[in-house]
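Peer 1: Provided herewith is a single structure, encoded as structure tokens, for subsequent inquiry.
The values are calculated or read from the model by the stated rules, or taken from the named source; none is laboratory data. Because the structure is a prediction, the values reported are computed rather than measured. Methodologically, a virtual Cβ is constructed for each residue, glycine included, from the backbone with ideal geometry; neighbour enumeration extends over all protein chains shown.
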Amino acid sequence: MALIVHKYGGTSMGSPQRIRNVAHRVAKWRKAGHQMVVVVSAMSGETNRLLALAKEVSPHPDPRELDVVATTGEQVSIGLLAMALKDLGVDAVSLTGWQVGVFTDNAYMKARIDTISQERIRRELDAGRVVIVAGFQGIDPDGNITTLGRGGSDTSAVAIAAALHADECLIFTDVDGVYTTDPRICSDAKRLPNITFEEMLELASAGSKVLQIRSVEFAGKFKVPCRVLSSLTDPDLPVEEEAVSGTLITYEEDPKMMEKALVTGIAASRSDAKVTLHDVSDTPGVASSILQPIADANIDVDMIVQNVSVQGKTDFTFTVPRGDLEKTVQVLKEQVLPKAGGEGIVTNDRIAKISVVGIGMRTHSGVASRMFKALSEEGINILMISTSEIKVSIVVDEKYTELAVRALHHAFGLENGPSEV
Ligand code: ADP
Ligand code: ASP
Ligand code: MG
């Protein structure tokens, strides 16, 4: 008997029939003799609906109350799934994040999990129940409800698997694994039977929403065995077959792959915005005087470019999450411009970040130049560039997202799987 965590996302839980299918799948694993913890998301579209509803009532909703509203979607899902399991004769219990004891910090809408209490889950498992836990939600030290950021149910699942030392965490979703790029953008994207944790981390950080980045961070920190697989296959698929399907995240690097596979995947993100401060005085400490107040406001800055200075003045450009753009501009106006000077702020929230990821980049050069060539052949202008050990990211106009992804996918021959040198 193993302890298995399953996670089902919005599409997987998207209709009464799909919820019954999830129940069938979970019942099958339970009947195979496993202890089961199931983490679920709100039904597809529900979180968006709730957030839009809040904005209709209050244009700038109070973050605490927004989280109270946003978490209700998951509460509906856990109740419905528990009912469906009981109808199949499987004893099950639904638990919210606070009933479990998913303790987070107090950063509403992007809270981080600190600890997870095992006591309630263990008690229910010992009583022979399937435990169904609401993803995406937690509770702060003062007992306020928090959410973990969009896509946060992945993180709930992996963190619970880590806390319980589960044998495996299976992330069921609407695609049958992790692909060389988003299969919805590139129809010839190829499924990867496995992916190194580091590559998954870079893809997730670059915006590939198949896994939320924090879930991958948790997976790496606690070496949680994780697999991404489809919830849309026949729910009666034998457990042994299902258990080896999809994409496995691996923690051991295969030296052969490192030498060979240059590029593994491409990610696209449309959730960033670009901010430029024009003509700020180029003196030591200017970058910190701009970025520190932004960090203090709990806004994550991603890419940064500072132009060559002309007559002691420079342009300073960086990206922030699109949802934090308004707050960023406010911080700049109130705290930065009065000190750093500058001729004003120009923002652009119609950008896309495209990233090429591959562990083989460590040992091989030339990825960036191949990228730039492929993009120039399509007439795509590059607005920003940044590189890390195993990733090259560029920012382009949002309208070129699909074109850029397809051009790069083709340029690296990813239709045949990870490209070799
Ligand atoms: P869930 O609701 O199950 O959490 P998400 O919509 O959050 O599902 O994530 C799954 C989606 O991620 C897929 O439908 C796919 O469009 C997208 N995606 C982006 N990049 C990739 C990739 N490299 N491999 C697979 N799916 C990807
Ligand atoms: N329901 C939440 C969202 O839409 C969490 C999740 O789906 O993982 O972001
Ligand atoms: Mg998701």
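Peer 1: With (1) under 18 Å from THR147 (Cβ atoms); (2) surrounded by 13 or more Cβ atoms within 10 Å (Cβ to Cβ) as the list, and TRP29 as the residue in question, which single condition is left unmet?
Peer 2: Just one mismatch for TRP29, condition (1).
Peer 1: How about segment 321-348: which of its residues are closer than 22 Å to TYR108 by Cβ and either in contact with a Lys or Arg (Cβ under 6 Å, 6 or more places away or on another chain) or in a strand (DSSP E or B) (or both)?
Peer 2: Residue satisfying the conditions is PRO321 alone.
Peer 1: Now for a separate question. With segment 155-254 as the region, which helices (runs of 4 or more DSSP H) entirely inside it contain at least 1 residues that are closer than 23 Å to ARG112 by Cβ? Break it down into steps so the answer makes sense when it comes.
Peer 2: Values: elements: 197-205, 213-222, 239-242.
Here the list reads 197-205, 213-222.
Peer 1: Hey, any hits in segment 265-287 for a residue that's free of Cβ contacts under 8 Å to residues at least 24 places away in the same chain, farther than 30 Å from LEU88 by Cβ, part of a helix (DSSP H, G or I) and among the small types (Gly, Ala, Ser)?
Peer 2: There is no residue in segment 265-287 that is free of Cβ contacts under 8 Å to residues at least 24 places away in the same chain, farther than 30 Å from LEU88 by Cβ, part of a helix (DSSP H, G or I) and among the small types (Gly, Ala, Ser).
Peer 1: Would you be able to say whether some residue in segment 80-99 is within 16 Å of ligand 3 (Cβ to nearest atom) and either more than 23 Å from ALA162 (Cβ to Cβ) or of a type in the set (D, E, K, R) (or both)? Explain how you work it out, then say what you get.
Peer 2: Our first condition is that a residue be within 16 Å of ligand 3 (Cβ to nearest atom); within segment 80-99, this holds for none.
Checked segment 80-99: no residue is within 16 Å of ligand 3 (Cβ to nearest atom) and either more than 23 Å from ALA162 (Cβ to Cβ) or of a type in the set (D, E, K, R) (or both).
Peer 1: From SER15, SER44, which residue is within 16 Å of ligand 1 (Cβ to nearest atom), of a type outside the set (Asp, Glu), touching a Gly at 6+ places or on another chain (Cβ under 8 Å) and within 28 Å of VAL68 (Cα to Cα)?
Peer 2: On the way: SER15 fails: touching a Gly at 6+ places or on another chain (Cβ under 8 Å).
Just one listed residue meets the conditions, SER44.
Peer 1: Here's something else I'd like to know. Taking segment 126-154 only, how many residues are more than 8 Å from ligand 2 (Cβ to nearest atom) and buried (at least 24 other Cβ atoms within 10 Å of the Cβ)?
Peer 2: The first filter runs over segment 126-154 and keeps only residues more than 8 Å from ligand 2 (Cβ to nearest atom), leaving 126-134, 137-146.
Going one step further and asking which of them are buried (at least 24 other Cβ atoms within 10 Å of the Cβ), we end up with 130-134, 137-138, 146.
Of the residues in that region, 8 qualify.
Peer 1: Hey, does segment 244-253 have a residue that's modelled with pLDDT of 95 or more, surrounded by fewer than 17 Cβ atoms within 10 Å (Cβ to Cβ) and touching a Lys or Arg at 6+ places or on another chain (Cβ under 9 Å)?
Peer 2: Yes, that holds for at least one residue.
Peer 1: Determine the pairs where a residue that is under 13 Å from PHE412 (Cβ atoms) and assigned to a helix (DSSP H, G or I), located within segment 366-378, has a partner that is at pLDDT below 90 and not charged (D, E, K, R) with Cβ atoms under 6 Å apart, the partner being 6 or more residues away or on another chain.
Peer 2: Taking only residues 6 or more apart or on different chains, the pairs are VAL367/MET361.
Peer 1: May I ask you to list pairs of residues, at least six apart or on different chains, whose Cβ atoms are under 6 Å apart, with the first in segment 54-83 being closer than 15 Å to ALA107 by Cα and within 16 Å of ligand 1 (Cβ to nearest atom) and the second being of a type in the set (A, V, I, L, M) and assigned to a helix (DSSP H, G or I)?
Peer 2: From residues that are closer than 15 Å to ALA107 by Cα and within 16 Å of ligand 1 (Cβ to nearest atom), the pairs are ALA70/LEU50.
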